[in-house]
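J.: Below: one structure in structure tokens.
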Amino acid sequence: MPRAPRLAGAAVVALLFLAFLLPAEAVPFVVLHGIGDQCANRGVAKFTKLLADWSAADGYCLEIGSGTLDSWVMPLEQQADIICKKVKEMKELSGGYNIVGLSQGNLIGRAVVEYCDDAPPVKNFISLAGPHAGTASVPLCGLLCFFMDL
């Protein structure tokens, strides 16, 4: 399936969740991207802007480390710690915020909800294509995954 229709479909689903869950005042949100992606990539940037435009809320894509490579090799706990620190530092989120997780970004978001002490409150956690039950393997990964698992 082409990436653009999936992205548009995911944006519609997230928008519907935001529309039903938001109070009368727009709540800012953060987008946490999936593995092998980064906030600067066109798809994620467009998704974040689309949600912000449709929801009339301020939206921020929060980067994990230096982006694509770190999303593959940095331990998830460390990725969650980075995001936890970032949301604590953002004055825009001090009254509470929503998390929109994409793929692996859901695991980071879930860790923030569960373990990020003294952070602004998470109002809603919207999970899109998250591997909450884990994965058996990475399709077509081959030799690269063998070395990454060492």
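Any read-out appearing in this document is the output of simple, stated calculations on the displayed coordinates, not a laboratory observation. What you are looking at is a predicted structure, and each value in this text was computed from that prediction instead of being measured. Virtual Cβ from ideal backbone geometry, glycine too; neighbours counted across all protein chains shown.
J.: Quickly work out the residue 35-to-residue 90 label distance, labels modelled 7 Å from Cα along the C-beta direction, and quote it in nm with one decimal.
T.: The answer from the label model is 2.4 nm.
J.: Past the 16 angstrom mark, what percentage of all C-alpha to C-alpha distances in region 64-122 do you count?
T.: Values: 662 of 1711 pairs.
Percentage above 16 Å: 39.
J.: I've got another one for you. For residue 85, go through the aspartates and glutamates and keep the ones whose alpha-carbon is under 16 Å away, minus same-chain ones fewer than eight residues off.
T.: 63, 77, 114, 117, 118
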